[in-house]
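The values are calculated or read from the model by the stated rules, or taken from the named source; none is laboratory data. Small disclaimer: the values here were computed from a predicted structure and weren't measured. Heads up, the Cβs are rebuilt from the backbone with ideal geometry, glycines too, and the neighbour counts pull from every protein chain shown.
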Amino acid sequence: MRKTSAYARKIARNGSSYNGAEWLNTISSCRAFNDSSEPLPGAIVKETPDAAAYRALIQVKSAFESLKNGGTEYDYDVLAHATGVSTLRAIDIAGEANNPMIEIINIANAALSRAKERYQKMGKWGLDGLGIHEIADAIDVYEEILMNSSPAQMTRAVRIRNEILLKQMSNSQPVR
């Protein structure tokens with residue numbers, strides 16, 4: 001067995017190491033999705049950020065199509081996540097007062113609430129006719145926000161949304 005330095009043993013024990021390309025990650029995460037179709041020179045990437053954004057957008061649009069035709073709770077959760085993240089980013093972009101994006105998203109949230117009520121009453125997921133149009137408008141807003149935000153901004157919005165959900169879950173009383 002080879003003798004290692006204290007530094008090498010510390011890295012092995014903690015599992016951390018120096019990442020010489022971290023500056024590329026930082027710059028890449030701060031570029032808007034639509035600006036980053038080409039990787040930075042010298043970067044080793046498996047997927048460009050805009051490809052990741054399109055993958056997320058396809059997942060949201062697929063969930064919408066599925067929920068229109070019955071769907072599952074997963075489809076509802078994906079759409080709720082998209083509207084929640086969109087709300088947080090819309091507030092970051094234009095504030096809460098007189099923000100037309102938030103109005104569109106709130107209308108879509110009401111449509112999602114109607115879908116959940118329908119599921120609780122009938123045991124079947126689905127959207128009403130008006131809800132289809134309202135959620136489609138919110139998905140358009142989500143797409144614009146997603147494509148004009150950076151991965152760091154979207155990650156921050158997801159983290160904040162998760163913190164809000166955890167706080168709501170911890171404040172709710174258990175049902176007996």
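Yes or no, residue by residue, for (1) at positive phi; (2) part of a helix (DSSP H, G or I); (3) loosely packed, with under 13 Cβ neighbours inside 10 Å:
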residue: ILE132; (1), (2), (3): no, yes, no
residue: ILE139; (1), (2), (3): no, yes, no
residue: LEU146; (1), (2), (3): no, yes, no
residue: SER149; (1), (2), (3): no, no, no
residue: ILE164; (1), (2), (3): no, yes, yes
residue: LYS167; (1), (2), (3): no, yes, yes
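Got at least one residue in region 45-58 being over 21 Å from THR155 (Cα atoms) and over 14 Å from the mean Cα position of the chain (by Cα)? For region 45-58, residues over 21 Å from THR155 (Cα atoms) and over 14 Å from the mean Cα position of the chain (by Cα): absent. Got a sec? Which of ALA80, ALA97 is surrounded by 14 or more Cβ atoms within 10 Å (Cβ to Cβ) and either modelled with pLDDT of 95 or more or more than 17 Å from the chain's Cα centre (by Cα) (or both)? Among ALA80, ALA97, only ALA80 is surrounded by 14 or more Cβ atoms within 10 Å (Cβ to Cβ) and either modelled with pLDDT of 95 or more or more than 17 Å from the chain's Cα centre (by Cα) (or both). Within region 34-76, restricting attention to residues that are buried (at least 17 other Cβ atoms within 10 Å of the Cβ) and farther than 30 Å from LYS116 by Cβ, the residue that is modelled with the lowest pLDDT is SER36. Within region 115-125, the set of residues being buried (at least 16 other Cβ atoms within 10 Å of the Cβ) and either among the polar types (S, T, N, Q) or without any contact (Cβ under 8 Å) to a residue 40 or more places away in the chain (or both) comprises ARG118 only. Only one of the listed residues (TYR142, TYR119) is of a type in the set (Phe, Trp, Tyr) and over 22 Å from the mean Cα position of the chain (by Cα). That residue is TYR119. Of the set (1) more than 22 Å from MET147 (Cβ to Cβ); (2) at pLDDT below 70, all apply to ASN25 but (1).
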